[in-house]
Structure formats: structure tokens, C-alpha cells
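As C-alpha cells, the structure follows; a few thoughts come after it.
Just so you know, all these numbers are worked out from the coordinates, no wet-lab data involved. On a predicted model such as this, the values are computed, not experimentally measured, just so you know. Note: ideal-geometry Cβ built from the backbone for every residue, glycine included; neighbour counts use all protein chains shown.
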Amino acid sequence: MVKIKLYGIAQEIAGKGELDVNFEGPISLKTLIKGISKDDRDTLSKEVQVILVNGRSCIFMEGLDTQIKDGDLVEVLPLLKGG
Amino acid sequence: MEKLLLRVNLTDGSCKEEQIPPEVLRNFIGGKGLAAYYAYKELKPGIDPLGIENKIMFFIGPLTSVYNVYSRHVIAAKSPQTNTFSDSYAGGWFGAELARTGYMGIIIEGKAANLVYLKIDGKKISIEDAGDFVGKTPYEVDAAFKDFRVAAIGPAGERLVRFACVINDAYKKGRTGVAGRGGIGAVMGSKNLKAVVVREQWRPDEFIPKSHQAEVEELRRTFIEYLKTEVVPGIGLGGNLPAMQLTADAKVLPVRNFREGYIEGYEKVAEQAFREVTIGKSTCYLCPIACGVHIKAKSGPFAGLDLDRIEYETVALNGPNCKQLDIGTISKVAQLCNEYGMDTISVGNITGFVMECSERGLIDYRLDYGDSEGQVKLVDLIGQRKGIGDILAEGLMSAAEKLNLQTYAVQVKGMEIPGYDVRGPVGMALAYATADRGGDHLRAWTIVAEANEPFTIVGKAKLNKDLQDRNSALWCLIGCDNIPANTTGDPAKFVDLSIAGLNSLDWKMDKETFLETGERIYNVTRLFNVREGFSRRDDQLPPRFEEPREDTGWKIARTDFNKMLDEYYAIRGWDGEGKPKAETLKRLGIDKW
């Protein structure tokens, strides 16, 4: 099981702030994130610019190709807009 | 394209006018560009920023007083806080007034024997005794000059507080401007210069050549329409105050000296709470946006306190970062900072540092998180350089070194970090580390900017470079940061409009040249800093960002950060130590310097 936490606008896109996802076999961050948009919109839209895996930015791993494993914590932060 | 520079020497009292060479204007346009050019050419390496050899440089841009949203001015010098090149910008009305004297810049050299002010009354220049203004606030100085626009320091500048600021239009109706960061106010203080006061030579319509008036008038209408339809809707209340909700939602709001990124009850200091105490709005010259938020506190120990302008950064650093959620207390701190003439970001960050060190029992000074009275008292101590305030007035980095508490100092190159934790949005960490004036968010505010490749190191590095270059170009004019940061449309449109503005005055500018000018300027400020001894070892994060955050565990490992820094240097055409390569300088036409 992977826990996903979403903040700000990212939370609105997913329709919830926190969810647990079960999957079998290896899964990329891209596949994982794509599946959580509440209205089938691609969550990886302009609204999201930061994804952390276990507190580390995915840019320091393989980006969206980072393989997610059981027990990981994925956190999705929005772009700050209108500030 | 003839532009004049006023050169004033406070030691011998001389004032002379000179032409800015056409090739310099072509390559550096105005504002930041000219400040960078003259700072590199005229400030000898290794000088004491508070010594007689430093110079204060005021510049405006070619669009100032012509179009709205270019009314800002820059004040630059070698910073007494960071020892880097430092450029600090302020809105308000001073810049437009300066434009209508015919001067595009003022370079102030030397040191006066006693406190003086510089008076520019059209083309009549004089250095006047400021004995009556010793210890006076910027409000009091401004109030004394009914017919002039005034940029003044407060008592903190006179006392050489290293984060002293310069405040313009403090008392008069209209939005106040604050050149807040980098300690420019202390440089003025070191020269015994209390204020610069200006009065126009021409009325606004006389200022624009008749041959260009029709075109300018048409483009002005375009600007107004653009601002009303694409910027005002994104501004919210103003003062960037909507950012509180966004940073709290994203868990990147500094709390307890950056130990956490969220605080329960943040709503008490968010936009809606400020709406409820807003009693007026103010605007810079010609601008329809009115982003200046004037408030009156309704409750708490400072109920009834009236503050003419409040902004997100002031609130974030002196509020949640100090676990302070009382609008009145934050406003009182801001008011005191304005009266002393001190940067509110630095003061809030330093207060958080003191609170953490106090909690840990590391200093003999007691200040609890959220202690309103204690927080206000600390501002007085710093502004008056009394007790612990005297050490803190040297800036966070110096104070932390003296106390051997560097671990708790959240700063880069001596500049206290503003209101965004970067352990999630790591592109902002690169922005802090590579900002030419030290830990600053405005040179590349990546946290509000969309990257083409947000999930790669290359994408973050490129976004930083592009924003630094774009802003350096816009700050030649000097364009308002609120526009690209808050527009509901594409920020690039502001660049296009800015170029159209230049071309309406016969500049024959294209986008590529404009952005390359920004890149040239960013390389010149880098050359300045390299010459001062700065290198890769200084482009680093404070220890706090390498520690797991107490609430989320987020952190930036040094090895990860260095990968991002390597990529940034490579994209910039700088070597592994952060020094611009010969071919980069050649490409930008600054290899012969």
C-alpha cells in the first residue's frame, strides 16, 4: 500500500486530501498520480509542480519514472497562484 | 535616447551632470542594468560597504513616468549585509518624480561631515543640512517636504543597522515604497545622508516628446485594460496577502523559525482576516491596481493601531514564523520597523531565530514564541542597538557567528530567508542560493511560476535561470513584480508589453535582445560577486533546509542540492565554481571587462 497526501489545489483535483492505493508489481510515479484525479483530468496539469517521495523531491530520483514501492509516502504540492 | 546621470560627492559637495554613454544604455537599458554596470565599473573590489568608497546608486528606467507599473526605482550599492552587489526596489511616487527631473540616475559618493539631505529641485541641486532630522522617522522626514517626493532613512539607518531600509512617500497620500533588503539604508547612514528629496522639472505631459505622445497614449490604454482584466483579478486584497492561504495549504509557510510549514489558526492572519481590518487602499503613480493595504487593528493588545501598508512577507515572518497570530502585534512590529527604517523580513526572521535559541536555552535572553510584548520590545532593542539588539543589528549571519549558533540561522550569504520553506518546492531553494543579493525570493520566484519540466532537475535549473534573466530585464524598466506574479494570464505578456513600451519611445527592441540583456546583467552581478570572493561554497543552503522538517520530515540532502546547482551552472555557462566562463562572457559582449 502507498499513501498519497495532496495539498492545496492538488487536493481539490483529487477530491480528497489523503488516500491509500494498493497495487501489484512495480508502478511508476506517473501511473500512480494519473489515476487519482477525480474528474479524469490529468492531475499532472499545470497545477502541480512538486511531488515528494518519502520527503524527497522526485526530481532527485527518476522524476515521473521513479518507481514507487509498497510502504512509500507520496506527497503532491500545488503551484502557488494568485499570491 | 539621451539620458542623464547626476553624480554627487558628499565629501567635497560637488554635483555634476553626465551623459550615460549610448552603448551603455543599449546594453543595460536602465534600472538594474545601469546599477549593475556602474557598480561593477566603479566599486573597487574588497571595499568596506559602510566605508567612504562605497557608492549609492539610484536608478529608474526609460518607461518611468511614461507608463503605469514602471514607477519603481532601484537603490543599489555593495551590501553591508551580504558584501554582494545589492539592488533593492521600491514602488510609490518617488521614481516618477525623479524621471521628470530629467535624471535617469543618481550616483552618490563620499561622506558628508554632518547629516545632510540631497535636494533635487528640477535642475537645481543642493546638499542641505539635515540636523533637524537626526533620529527622525521616514514619516517625519516626508511630512516636512510638502512639495517634494522623499526617500529617507530612519534612526536604524543612522545607527548603521545592517538591514536598514530606505522608505519613500511614507507620509503622503498614495502607496509608500520600501527599498527593504540588503541594508541600503545603512549605506546611506554611513554617508551621513538622511534623505533624497526631488521635485519635477516638467509636468507629466511635458515629459513625453510630442512626436511620441499619440502612440504612448494608445499603449497606455492597452496597459490599463490589461491590468484591469488580467492582473486585478489575480491580486486579491493586495499586498500579496492571498499568499498566506496558499503557503499554508501547500505546507510551506515558515513556522517557528522554519521548523514547520503549517500552523493551526493561520486564518487569523490570512487574506480574509486582513479584509476585515482594511480601511483603505493605496496605489503607486498611475497604477489602477491599488495593492497597498491600509489596516487598523480591531482587537488584541494593539487594537486601534493604524498601519498604512502591510504585505505577506511581513506577516509570514513576524507572524507564523514567530508563532504569532495577532494582526495587531504583527502590525505594531511592522510600524516600528517602518519608523526605525528596518527590513521587516530580516526582523521577523531574526526574531524567530532568537525565539528558537531562547527555547533551547542557548542564549541569555528570554523570548517565547507568540509573546507579543516581547516581540515588540525586541524590535526596539534592534532599532536602538541596545542589549542583544546591538548584536542582532549586525544581521542574522554575523549575530549567529558571534553567538556560535549558525545552525539556527536561516539565511543565505547573510540575507535572511523570506516567507517560503523550500524543502518541498526545491526549485525555490536554488533560487535562494543563486540570488545575486543573497537569500531572496524575487529574482526567481519559482514557487509561483510554471516550469515546462517541473519534475526534472534540468527543468528547475532552467526555470531559475529564465526567471532571473527575465526579471533582470524587466527591472531595467523597472516593471512591477506584482504583474507577472499575479496575472491570471501568461506572464510573458508583460514582457511583450514592456518591449512595446520601449519601442513606442524608439528603442527598436526585440524579445531576444531584451531577455539577453537580462542574462548579461545577471552575469555582471555575478562577476561583481565573484570579484568579491563569492563562489560555489557560498551558493549553499542554510543547515535548516538540510534537516528533516519537524512536521513532515521533508529535507534537501546536500548531494541532491549540489546536483541541481551543477545543472544550473551548466545552463548558465558558468564553471563548477560558479564563475562565468570566457565563452559566456564573450557571447554576452562583456568579455573585455
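The H on the amide N of A:Q49, modeled in the peptide plane, is under 5 Å from the matching H of A:L77, A:L79, each at least 5 residues off or on a different chain. Percent of Cα pairs in the range A:2-77 per distance bin of 10 Å, from zero to the largest separation: 20, 61, 19. Calculate log10 I(q)/I(0) of chain B for q = 0.05, 0.06 Å⁻¹, where I(q) comes from the Debye formula with a single equal point scatterer on each Cα and nothing for solvent. Relative scattering, expressed as log10 I(q)/I(0), comes to -0.18, -0.26. Remark: spin-label model distance B:E373-B:E276 equals 2.6 nm, labels positioned 7 Å along the Cα→Cβ axis. Using only the Cα atoms of the range B:300-435, build the gyration tensor, take square roots of its eigenvalues as a ≥ b ≥ c, and label the shape rounded, prolate or oblate: rounded if a/c is under 1.5, else prolate if a/b is larger than b/c, else oblate. Cα axes put the range B:300-435 in the oblate bin. Helix-only arithmetic for chain B: the sum of -39500 (n - 2.57) across DSSP H runs with n ≥ 4, divided by the residue total, places the mean residue ellipticity at 222 nm at -11000 deg cm²/dmol.
Residue-wise HN-Hα couplings along the range B:312-318, as the Karplus relation 6.51 cos²θ - 1.76 cosθ + 1.60 with θ = phi - 60° gives them from phi, are 3, 4, 4, 5, 4, 6, 8 Hz; Gly and Pro carry x. Can you classify the range B:358-458 as rounded, prolate or oblate using the Cα gyration tensor, where a ≥ b ≥ c are the square roots of its eigenvalues, rounded means a/c under 1.5, and otherwise it's prolate if a/b beats b/c and oblate if not? Because a/c hits 1.5 or more and a/b exceeds b/c, the range B:358-458 counts as prolate.
Taking other C-beta atoms within 10 Å as the exposure proxy, B:T344, B:T525 rank B:T525, B:T344 from fewest upward.
Coupling constants for the range A:4-10 follow from the phi torsions by the Karplus curve (6.51 cos²θ - 1.76 cosθ + 1.60, θ = phi - 60°), and in residue order they are 10, 10, 10, 10, x, 4, 4 Hz; glycine and proline get x.
From the Cα gyration tensor of the range B:111-216, with a ≥ b ≥ c the square roots of its eigenvalues, which class applies: rounded if a/c is under 1.5, or else prolate if a/b is larger than b/c, or else oblate? Prolate. Under 5 Å from the amide H of B:M342 lie the amide H atoms of B:C165, each residue being 5 or more positions distant or on a separate chain, with H modelled from the backbone and absent for Pro and chain starts.
Applying 0.36 nm per residue to the separation of B:N503 and B:K298 and subtracting their alpha-carbon distance, the gain on full extension is 68.9 nm. Its Cα gyration tensor gives the range B:1-134 an equivalent ellipsoid. The semi-axes, each the square root of 5 times an eigenvalue, are 22, 19, 15 Å from largest down. Across the range B:219-304, the fraction of Cα-Cα pairs farther apart than 18 Å, rounded to a whole number, is 55%. Spatial offset of the range B:60-127 relative to the range B:565-593 amounts to 30 Å, using the alpha carbon center of each.
Compactness of the range B:462-502 was expressed as the Cα radius of gyration divided by 2.2 N^0.38 Å, which yields 1.08. Our coupling estimate for the range B:36-43, obtained by passing each phi through the Karplus curve with A = 6.51, B = -1.76, C = 1.60 and θ = phi - 60°, is 5, 4, 5, 5, 5, 6, 10, 8 Hz, Gly and Pro reported as x. As a size descriptor, the averaged projected area of the C-alpha convex hull of the protein assembly as shown was calculated at 27.5 nm².
Descending by average beta-carbon neighbour count within 10 Å, the peptides B:377-387, B:188-198, B:571-581, B:356-366 line up as B:188-198, B:377-387, B:571-581, B:356-366, the highest first. Fully extended, how many nm does the chain gain between B:K493 and B:E264 (0.36 nm per residue separation, minus their Cα-Cα distance)? Stretched out fully, the B:K493 to B:E264 stretch lengthens by 78.6 nm.
Between B:E260 and B:V255, the built amide H atoms are under 5 Å apart, and every one of these is 5 or more places off in sequence or on another chain.
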